[in-house]
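Okay, so here's the structure we're looking at.
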Amino acid sequence: MPTRKFSSQVKVFKALGHETRLFIVDELSRGERCVCELTKMVGADISTISKHLSQLREAGIIASDKRGMQVYYRLLTPCVLQLFSCVKGVYSHPPCECSESNPG
């Protein structure tokens, strides 16, 4: 039975569960960006990008800072980049052949 113990982890995984949000995290790992820059990079409208940014912010992955008319975002948890490397590692190994699938 799932417990509340994992609710914060689930929120982070859900926030990272979209290609656009992964792209945004990757871009923010290189330095802060304003919404206008991210909108141009992704090629989507500002409301779509704002929704993605909101989900990442609510999960605690990024933070925002309003300066004048622009909002700038920065990566709060660079450790998520280690997760990126881990996932790449999963796909670099051949699939496991479990003994259950090979009755002997």
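The values are calculated or read from the model by the stated rules, or taken from the named source; none is laboratory data. Being a predicted model, the structure only gives us computed values, none of them experimental. With ideal geometry, Cβ positions are generated from the backbone for all residues, glycine too; neighbour counts draw on all protein chains shown. Protein only, heavy atoms only, side chains kept; ligands, DNA and RNA dropped before computing areas. Shrake-Rupley method; radii C 1.70, N 1.55, O 1.52, S 1.80 Å.
Compute the accessible area per residue over segment 7-82, keeping the other protein chains in place, probe 1.4 Å, unit Å².
For segment 7-82, the solvent-accessible area averages 59 Å² per residue.
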Q: Provide the per-residue ³J(HN,Hα) series for segment 33-39, in order, calculated from phi with Karplus coefficients 6.51, -1.76, 1.60 and θ = phi - 60°, each as a whole number of Hz, with x at glycine and proline positions.
A: 9, 8, 4, 4, 5, 5, 4
Q. Could you give me the ³J(HN,Hα) list for segment 61-71, computed from phi with Karplus coefficients 6.51, -1.76, 1.60 and θ = phi - 60°, whole Hz, x at Gly and Pro?
A. 7, 10, 10, 10, 8, 7, 10, x, 8, 9, 10
Q | In nm, spacing of pseudo-spin labels at LYS51 and GLU19 (7 Å Cα→C-beta vector) | A | 1.7 nm
